[in-house]
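Since the structure comes first, as structure tokens, the remarks are kept for the end.
What follows draws every value from the coordinates through simple rules; no lab data is involved. Quantities reported herein were computed from a predicted structural model and do not represent experimental measurements. In this analysis, Cβ positions are derived from the backbone assuming ideal geometry, glycine residues included, and neighbour counts consider all displayed protein chains.
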Amino acid sequence: MTLALLLVALLPVLTRTVHWRWELASIAGLVSAVGVLALCGYPVRPREIHPPATLSLNRHRDLGFVVLGLALVHTVSLLVIDPSVWEFAKPTMPWYQAAGWAGLLLLGVLGATSTRRPRRVVWRQHRGFQAFHVVSSVLAVVLITVHVVVSARYAHGVLRASLVLGTTLVALAMLLIARKGAAQQAISQTLIGRSAFGRYSRAVVLATLLGCLAVSVLVSNRVNLTLREPYHVKTQRLLLNFPHEKHTEVNCLTCHHDYADHKGHGTCVQCHRAQTPDLKVGVEARFHTFCFDCHRDPKTAANKHGPVAGCDVCHRSPEAQTTANAFLIPEDG
């Protein structure tokens with residue numbers, strides 16, 4: 001478990017960078033995600049494993065606040081250094097960005113209810129708090145994993161995505177390992193009883209299994225493309241300054257595929273916003289995938305590609321936009 005978490009944390013070493021501010025903000029988000037997995041993978045109470053791999057209650061709480069702080073640094077920093085990131089704070093954000101916001105909100109709730117006074121006000125018994133904390137944590141893990149894997153900043157490619165998904169599954173599975181001494185209890189003759197969450201064991205086990213299932217479906221590229229789509233399309237548009245002169249080695253039909261049958265008389269947007277049945281994905285997923293597939297996992301021939309990080313690399317701020325070589329695409333693209 002420790003080795004897997006370390007490998008995930010080291011993924012930025014294998015990724016090309018653009019500028020240090022964006023990179024530090026992105027790394028803060030990844031380390032925060034690793035911390036969330038550690039909180040699940042290293043339980044507070046001893047388990048029937050060797051070595052026990054436990055955290056004290058105080059260290060667990062402190063690590064939780066560090067994770068929340070890093071998530072806030074990640075979010076606020078990106079909003080400050082890259083104006084185009086604000087598009088991901090609007091209702092037109094794609095699903096994987098919405099998952100990131102929801103994960104951040106859950107981390108805030110978990111942090112706010114983990115201190116002694118709020119916990120005693122809301123829950124009369126500790127077992128109720130424990131069940132809420134564990135189930136909410138499982139949901140937070142799923143949401144954050146969706147955000148990390150689908151954004152593909154560091155988890156791009158089959159091997160890296162598999163590493164993140166595998167580590168997440170292991171961390172969630174650790175919640176199902178019996179607590180030390182639970183096997184001697186009469187209620188502990190089944191998996192649900194041995195998971196030792198008292199009367200809420202069934203809810204915890206069900207949430208954990210559903211969390212593992214939700215994470216597993218991210219293996220499918222089709223699911224990732226769907227999660228790149230926004231749930232609310234906006235009519236306004238962002239200017240895209242695409243340097244065609246730097247892509248002369250790429251076959252035009254790779255992107256402008258409709259030129260092959262002489263139908264490409266309009267703009268790409270006119271077709272990809274038409275929502276016709278033959279379009280598998282829309283603008284957000286398709287256009288970003290074009291860039292990511294070539295720049296993050298390039299073909300052998302594309303040996304001069306530059307790295308991709310930061311929205312303003314292609315989506316320039318209003319002050320820097322020029323109308324001479326700009327192409328209009330939807331704001332959610």
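Would you mind calculating the gained length between V233 and L63 on full extension (0.36 nm times residue separation, minus the Cα-Cα distance), in nm to one decimal?
Length gained, V233 through L63: 57.4 nm.
Let me know the shape class of the range 66-116, please: from the alpha-carbon gyration tensor, a ≥ b ≥ c as square roots of the eigenvalues, rounded when a/c is under 1.5, otherwise prolate if a/b is greater than b/c, or oblate.
Here the range 66-116 falls in the oblate category.
State whether the range 1-127 is rounded, prolate or oblate according to the following rule on the C-alpha gyration tensor (a ≥ b ≥ c being the square roots of its eigenvalues): a/c under 1.5 gives rounded; otherwise a/b larger than b/c gives prolate, and the remaining case gives oblate.
oblate
Would you mind pulling out the separation of the Cα centroids of the range 79-126 and the range 1-42, in Å?
If we compute the Cα centre of each part, the gap is 19 Å.
Using mean Cβ contacts within 10 Å as the protection proxy, how do 248-255, 212-219 order, highest first?
Top of the packing list down: 212-219, 248-255.
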